[in-house]
Ligand code: NAD
């Protein structure tokens, strides 16, 4: 029997790539409801979906910031059955907080965090009743590790992660799975929108040091980071499909191994100083990064020796 997949934010980027990838499954194992806030933006998806449209892929309206639109969409699905929910819709925000309005910040929290909460309020009770379902959430490495000038965005993804971590225990009781996909930079509309908005930041509200840090360090390196470390939305779709198909899907999955050492810093040092120190050096003291990495490796060696000696007595 076909599994029903509902994905949010499918007019572009990861949502679009994932919807199309799943709909084109060779064995036709999935029926995809590719949803978007504004159906007028469906052209790219329609084109990419090709012959799957009307067969294994259907496009529906869904705004994650509007409970009524979520309910209407779920009600329109046969028996309201959703086997796999992919919460993907999201937005970014960069810049010093003194240059951002509360409205801008609330929009990020409302979309990235409450968007997921709204979806689950509507869909989780059905999954619990059926005792089956997989909730897949497109989070970010910034759900584990804060990054300079991404304060509000990282906070929204931390909220997502804390929410899912709490819920995961309850979900187990109902045989449900929750998986957080944690990409590093991905080259999508997201990156372009965030960058362009970043350029428009009214820096007159920030002091000189902050404004300079944002313009001459953060924004200068932004494009380069995406170009050198960025994955494609198709890469993320591939990773996500693997997690969907896994017999026992993991709770967390990072798509970019280049980021794993950074997030490992956090788990390696409970005081939290190691990642902050390393990031500081990466941003402001490039030449010291080498030493910082070296210290990190030493720490890991020390830890593994310690756990080894705890396990087996060493001669
Ligand atoms: P994107 O901008 O191409 O896609 C985001 C989609 O969400 C857009 O289609 C947008 O219209 C939609 N959306 C925004 N508000 C919505 C709402 N209220 N209701 C429904 N849809 C709404 O960017 P993307 O990179 O494909 O982003 C998808 C997800 O991946 C986001 O959650 C983002 O935080 C996450 N992510 C992106 C990156 C990256 O670097 N691009 C990295 C890590 C995680």
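Residue-level check: of (1) within 14 Å of the chain's Cα centre (by Cα); (2) under 23 Å from residue 201 (Cβ atoms); (3) near the ligand (Cβ under 9 Å from one of its atoms); (4) in a helix (DSSP H, G or I), residue 110 misses just (1).
Within the option set 132, 139, 232, being crowded, with 19+ Cβ neighbours inside 10 Å and touching a residue at least 12 places away in the same chain (Cβ under 8 Å) holds for one residue only, 139. Being more than 19 Å from residue 196 (Cα to Cα) and in contact with a strand residue (DSSP E or B) (Cβ under 8 Å, 6 or more places away or on another chain) is the filter here; which residues of segment 227-241 pass it? Selection gives 231, 232, 233, 235, 236, 239, 240. For the subset of segment 142-151 comprising residues that are part of a helix (DSSP H, G or I) and either within 12 Å of the ligand (Cβ to nearest atom) or at pLDDT below 95 (or both), which member is surrounded by the fewest Cβ atoms within 10 Å (Cβ to Cβ)? So, considering only residues that are part of a helix (DSSP H, G or I) and either within 12 Å of the ligand (Cβ to nearest atom) or at pLDDT below 95 (or both), the one surrounded by the fewest Cβ atoms within 10 Å (Cβ to Cβ) is 142.
Residue pairs whose Cβ atoms lie under 8 Å apart, sitting 6 or more positions apart in sequence or on different chains, and linking a residue in segment 271-286 that is farther than 15 Å from residue 213 by Cβ to a partner that is at pLDDT 90 or above, are 275/145.
For segment 16-23, does any single residue satisfy the condition of being over 19 Å from residue 82 (Cα atoms), touching a strand residue (DSSP E or B) at 6+ places or on another chain (Cβ under 7 Å), away from the ligand (no atom under 13 Å from the Cβ) and at pLDDT 95 or above?
Taking every residue of segment 16-23 in turn, none turns out to be over 19 Å from residue 82 (Cα atoms), touching a strand residue (DSSP E or B) at 6+ places or on another chain (Cβ under 7 Å), away from the ligand (no atom under 13 Å from the Cβ) and at pLDDT 95 or above.
The sole residue among 224, 170 that is closer than 30 Å to residue 273 by Cβ, assigned to a helix (DSSP H, G or I) and either out of contact with any strand residue (DSSP E or B) (no Cβ under 8 Å at 6 or more places or on another chain) or modelled with pLDDT of 95 or more (or both) is 224.
Applying the set (1) more than 16 Å from the ligand (Cβ to nearest atom); (2) crowded, with 22+ Cβ neighbours inside 10 Å; (3) touching a residue at least 40 places away in the same chain (Cβ under 8 Å) to residue 4 leaves exactly one unmet item: (2). Here is the figure for segment 6-59: residues that are part of a strand (DSSP E or B) and under 18 Å from the mean Cα position of the chain (by Cα) total 5.
Evaluate the following for residue 76: is it within 22 Å of the chain's Cα centre (by Cα) and farther than 15 Å from residue 138 by Cα? Quick ask: steps written out before the conclusion?
Working: within 22 Å of the chain's Cα centre (by Cα): no; farther than 15 Å from residue 138 by Cα: yes.
It is false that residue 76 is within 22 Å of the chain's Cα centre (by Cα) and farther than 15 Å from residue 138 by Cα.
Being out of contact with any strand residue (DSSP E or B) (no Cβ under 6 Å at 6 or more places or on another chain), closer than 19 Å to residue 153 by Cα and part of a loop (DSSP other than H, G, I, E, B) is true for just one of 201, 210. Which residue is that?
Details: 210 fails: part of a loop (DSSP other than H, G, I, E, B).
Just one listed residue meets the conditions, 201.
If I ask for residues that are crowded, with 19+ Cβ neighbours inside 10 Å and not in a loop (DSSP other than H, G, I, E, B), which ones from segment 173-189 would you list? Break it down into steps so the answer makes sense when it comes.
Of all residues in segment 173-189, those crowded, with 19+ Cβ neighbours inside 10 Å come to 176-186, 188.
Once the filter is applied, which keeps residues that are crowded, with 19+ Cβ neighbours inside 10 Å and not in a loop (DSSP other than H, G, I, E, B), segment 173-189 yields 177, 178, 179, 180, 181, 182, 186.
I need the full set of residues from segment 228-252 which are closer than 25 Å to residue 148 by Cβ and within 12 Å of the ligand (Cβ to nearest atom), in order please.
Keep residues of segment 228-252 that are closer than 25 Å to residue 148 by Cβ, which gives 228-233, 235-236, 252.
Hits for segment 228-252 are 229, 230, 231, 232, 233, 235, 236.
Within segment 193-213, being surrounded by fewer than 12 Cβ atoms within 10 Å (Cβ to Cβ) and within 16 Å of the ligand (Cβ to nearest atom) holds for one residue alone: 196.
Of all residues in segment 93-107, at least one satisfies being in a loop (DSSP other than H, G, I, E, B), in contact with a helix residue (DSSP H, G or I) (Cβ under 7 Å, 6 or more places away or on another chain), at positive phi and at pLDDT 95 or above. Could you list, in sequence order, all residues of segment 120-140 that are within 16 Å of the ligand (Cβ to nearest atom) and either in contact with a helix residue (DSSP H, G or I) (Cβ under 6 Å, 6 or more places away or on another chain) or not in a helix (DSSP H, G or I) (or both)? Correct list: 122, 135, 136, 137, 138, 139, 140. Kindly establish whether residue 57 is within 24 Å of residue 186 (Cβ to Cβ), away from the ligand (no atom under 12 Å from the Cβ), in contact with a strand residue (DSSP E or B) (Cβ under 6 Å, 6 or more places away or on another chain) and without any contact (Cβ under 8 Å) to a residue 40 or more places away in the chain. Yes, satisfied.
The values are calculated or read from the model by the stated rules, or taken from the named source; none is laboratory data. The shown structure was predicted, so the numbers you read here are calculated from the model rather than taken from an experiment. Glycine also receives a Cβ, built like all others from the backbone with ideal geometry; neighbour counts cover every protein chain displayed.
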